[in-house]
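Input: a single structure, listed below in structure tokens.
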Amino acid sequence: MLAVAVLVPASNLLLPPGHPLHVPDYMIPLLGKYLTYALLAVAVDLVWGYCGVLSLGHGAFFALGGYAMGMYLMRQIGPRGVYGNPVLPDFMVFLNYKELPWFWHGFDMFPFAMLMVVLVPGALAFVFGWFAFRSRVTGVYLSIITQAMTFALMLAFFRNDMGFGGNNGLTDFKDILGFPISAPGTRLTLFVASAVALAAGYLICRALVTSKYGKVLVAVRDAESRTRFLGYRVQNYKLVAWVLSAMLAGVAGALYVPQVGIINPSEFAPAQSIEMVIWVAVGGRGTLV
């Protein structure tokens with residue numbers, strides 16, 4: 001992946017358009033989007049392939065990370081929006097918001113937004129996992145609950161009064177960290193960031209599953225009751241993997257949004273989460289690669 005992060009930009013910048021190995025400009029964000037999907041698949045494989053938790057709701061963590069990045073990008077528009085309001089995004093002006101909602105404060109700062117990218121999905125995963133795993137909800141019942149979670153969030157984010165743009169979502173982004181978001185250099189940087197994030201996510205998960213902790217995870221997957229009777233606190237092992245997986249999905253969502261240019265409630269749709277499981281099943285459950 002690190003080689004890809006170097007070779008693809010090099011082929012785009014150094015090779016002429018007529019060269020057979022030249023990567024055109026339009027392919028850069030497309031390949032970057034695929035890399036974010038790959039990171040998302042690694043996150044799903046961590047909990048399903050190694051922990052045995054079939055999640056049909058990872059689209060929720062992906063979308064929450066994407067919304068956190070989208071809120072930052074919306075705050076960067078400032079007076080360049082259609083209505084010229086320096087504080088309120090265009091959709092809030094259109095919906096007659098008088099002031100910025102409290103949960104939008106701080107998203108004008110990049111470090112705060114990046115913290116929310118991992119903290120919000122991680123917090124939701126922690127609360128959900130704390131109650132689900134300690135209640136010993138497993139199997140298809142847990143899968144259905146995760147699907148209900150993402151469906152509930154989709155319905156909530158479709159509402160205009162939630163303050164997230166309703167069914168239109170967040171779009172019309174201008175720049176990121178002061179750089180035009182549609183500039184070729186910015187797109188190459190986002191691609192490289194996606195490749196590095198995928199490599200880092202893979203290495204983190206690889207280190208986890210090959211450790212003693214990972215062997216206990218596999219034991220939980222194969223014989224949860226037996227592992228519990230041996231004295232392991234199964235719920236804690238599952239919770240750590242679940243929260244880490246949610247954070248990785250949030251990072252994938254954050255890198256996805258600036259490359260695609262929009263985030264809306266359709267990312268919460270249960271069908272999206274089911275597709276993620278199909279990616280892992282086809283690619284090889286319990287292999288990471």
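Out of everything in the stretch 7-17 that is in a helix (DSSP H, G or I) and without any contact (Cβ under 8 Å) to a residue 24 or more places away in the chain, what residue ends up being most open to solvent (accessible area, probe 1.4 Å)? Steps first, answer last, please.
In the first step, residues of the stretch 7-17 are kept if they are in a helix (DSSP H, G or I); the result is 7-14.
With the extra rule that they be without any contact (Cβ under 8 Å) to a residue 24 or more places away in the chain, the set shrinks to 7, 10-11, 14.
Details: 7: 115, 10: 33, 11: 14, 14: 139 Å².
Result: 14.
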Here is a list of conditions, (1) under 16 Å from the mean Cα position of the chain (by Cα); (2) farther than 30 Å from residue 233 by Cα, and residue 119 meets all of them except one; can you say which number that is?
(2)
Out of 65, 70, report the one residue that is closer than 27 Å to residue 287 by Cα, in contact (Cβ under 8 Å) with a residue 24 or more places away in the chain and not in a loop (DSSP other than H, G, I, E, B).
65
Looking only at the stretch 245-287, which residues are within 25 Å of residue 119 (Cβ to Cβ) and part of a loop (DSSP other than H, G, I, E, B)?
261, 264, 269
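When you look at residue 242, is it open to solvent by 60 Å² or more (accessible area, probe 1.4 Å), among the aromatic types (Phe, Trp, Tyr) and not in a loop (DSSP other than H, G, I, E, B), yes or no? Even if it seems obvious, please write down each step before you answer.
Details: open to solvent by 60 Å² or more (accessible area, probe 1.4 Å): no; among the aromatic types (Phe, Trp, Tyr): yes; not in a loop (DSSP other than H, G, I, E, B): yes.
No.
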Wholly within the stretch 177-236, helices (runs of 4 or more DSSP H) carrying at least 1 residues that are within 26 Å of the chain's Cα centre (by Cα) and in contact (Cβ under 8 Å) with a residue 60 or more places away in the chain
184-209, 212-222
Expected output for the stretch 20-34 (first residue within 13 Å of residue 195 (Cα to Cα), partner open to solvent by less than 50 Å² (accessible area, probe 1.4 Å) and modelled with pLDDT under 95, Cβ below 7 Å, 6+ apart or cross-chain) is 28/12; 31/8
Residue by residue through the stretch 149-162, note down the ones that are within 15 Å of residue 57 (Cα to Cα) and out of contact with any Pro (no Cβ under 9 Å at 6 or more places or on another chain).
149, 152
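State whether one or more residues within the stretch 278-288 are open to solvent by less than 40 Å² (accessible area, probe 1.4 Å), closer than 23 Å to residue 3 by Cβ, aromatic (Phe, Trp, Tyr) and modelled with pLDDT of 95 or more. Before you say what the answer is, go through the steps one by one.
Step one: of the stretch 278-288, the residues open to solvent by less than 40 Å² (accessible area, probe 1.4 Å) are 280, 284, 286, 288.
So of that shortlist, the ones also closer than 23 Å to residue 3 by Cβ come out as 284, 288.
If we keep only those that are aromatic (Phe, Trp, Tyr) as well, we get none.
Within the stretch 278-288, none of the residues are open to solvent by less than 40 Å² (accessible area, probe 1.4 Å), closer than 23 Å to residue 3 by Cβ, aromatic (Phe, Trp, Tyr) and modelled with pLDDT of 95 or more.
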Looking only at the stretch 140-159, which residues are of a type outside the set (Ser, Thr, Tyr), open to solvent by 50 Å² or more (accessible area, probe 1.4 Å) and either in a helix (DSSP H, G or I) or closer than 18 Å to residue 127 by Cβ (or both)?
140, 144, 145, 147, 148, 151, 152, 155
Across the stretch 160-186, the tally of residues that are touching a strand residue (DSSP E or B) at 6+ places or on another chain (Cβ under 9 Å), on the phi < 0 side of the Ramachandran plot, surrounded by 14 or more Cβ atoms within 10 Å (Cβ to Cβ) and not polar (S, T, N, Q) stands at 5
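Among the residues of the stretch 18-33, count how many are within 17 Å of residue 262 (Cβ to Cβ) and part of a helix (DSSP H, G or I).
Looking only at the stretch 18-33, we keep the residues that are within 17 Å of residue 262 (Cβ to Cβ), and these are 26, 29-30, 32-33.
Now drop any that are not part of a helix (DSSP H, G or I), which leaves 29-30, 32-33.
Adding up the residues that qualify gives 4.
So if I check each of 113, 68, 63, which one is touching a strand residue (DSSP E or B) at 6+ places or on another chain (Cβ under 8 Å) and open to solvent by less than 20 Å² (accessible area, probe 1.4 Å)? Please lay out each step first, then the result.
On the way: 113 fails: touching a strand residue (DSSP E or B) at 6+ places or on another chain (Cβ under 8 Å); 68 fails: touching a strand residue (DSSP E or B) at 6+ places or on another chain (Cβ under 8 Å).
Among 113, 68, 63, only 63 is touching a strand residue (DSSP E or B) at 6+ places or on another chain (Cβ under 8 Å) and open to solvent by less than 20 Å² (accessible area, probe 1.4 Å).
The values are calculated or read from the model by the stated rules, or taken from the named source; none is laboratory data. Every value quoted in this text rests on a predicted model; they were computed, and no experiment measured them. Using ideal geometry, Cβ is built from the backbone for each residue, glycine included, and neighbour counts are taken over all protein chains shown. Areas reflect the complete protein model, heavy atoms only, side chains present, ligands, DNA and RNA absent. Shrake-Rupley method; radii C 1.70, N 1.55, O 1.52, S 1.80 Å.
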